[in-house]
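Enquirer: Shown below is the structure under consideration.
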Amino acid sequence: MSAAGGARASRSRMPLGWDHDLADEYEWIPLRLPPDVTRLTASTRLSIEAEYRGWELTKVRLYTDGSRRVLLRRKKSRVLNPYAGDLPEL
């Protein structure tokens, strides 16, 4: 999943109500986890993103079809980050 276009493009893909109170000092990325991803698998993948890429889980929404929408954030770096395009692939 790519966040090309910055935070403004990402905000338009967020579930209703998630697009407010988003601080500018953070990068935000909304993700959709399909119904076939178990809770354990989702937890493991999100933990890896947190450990190695600095993302933290902000919100989770579970839908009746079993899919999940999650909102991740991380502090924006003041230094040019060569891995800035390296976003979670879930």
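The values are calculated or read from the model by the stated rules, or taken from the named source; none is laboratory data. Predicted model, so just to flag it, every value in this text is computed and none were measured. Cβ placement follows ideal geometry from the backbone for every residue including glycine, while neighbour counts extend to all protein chains displayed.
Enquirer: If you go through segment 64-77 one residue at a time, how many are surrounded by 12 or more Cβ atoms within 10 Å (Cβ to Cβ), on the phi < 0 side of the Ramachandran plot and not β-branched (V, I, T)?
Expert: 8
Enquirer: Looking at segment 51-67, which of the residues that are assigned to a loop (DSSP other than H, G, I, E, B), of a type in the set (S, T, Y) and without any contact (Cβ under 8 Å) to a residue 24 or more places away in the chain is farthest from S77 (Cα to Cα)?
Expert: Ranking the qualifying residues of segment 51-67, first place goes to T64.
Enquirer: Moving to a separate point now. Just to be sure I understand the filter: pairs with C-beta atoms under 8 Å, separated by 6 or more residues or on different chains, first member in segment 32-50 and in contact (Cβ under 8 Å) with a residue 40 or more places away in the chain and under 16 Å from L72 (Cα atoms), second member of a type outside the set (F, W, Y) and assigned to a helix (DSSP H, G or I). Which pairs pass?
Expert: If the second residue must be of a type outside the set (F, W, Y) and assigned to a helix (DSSP H, G or I), the pairs left are L33/A42.
Enquirer: Okay, next question. Just checking, does segment 46-67 include any residue being touching a Gly at 6+ places or on another chain (Cβ under 9 Å) and modelled with pLDDT of 65 or more?
Expert: no
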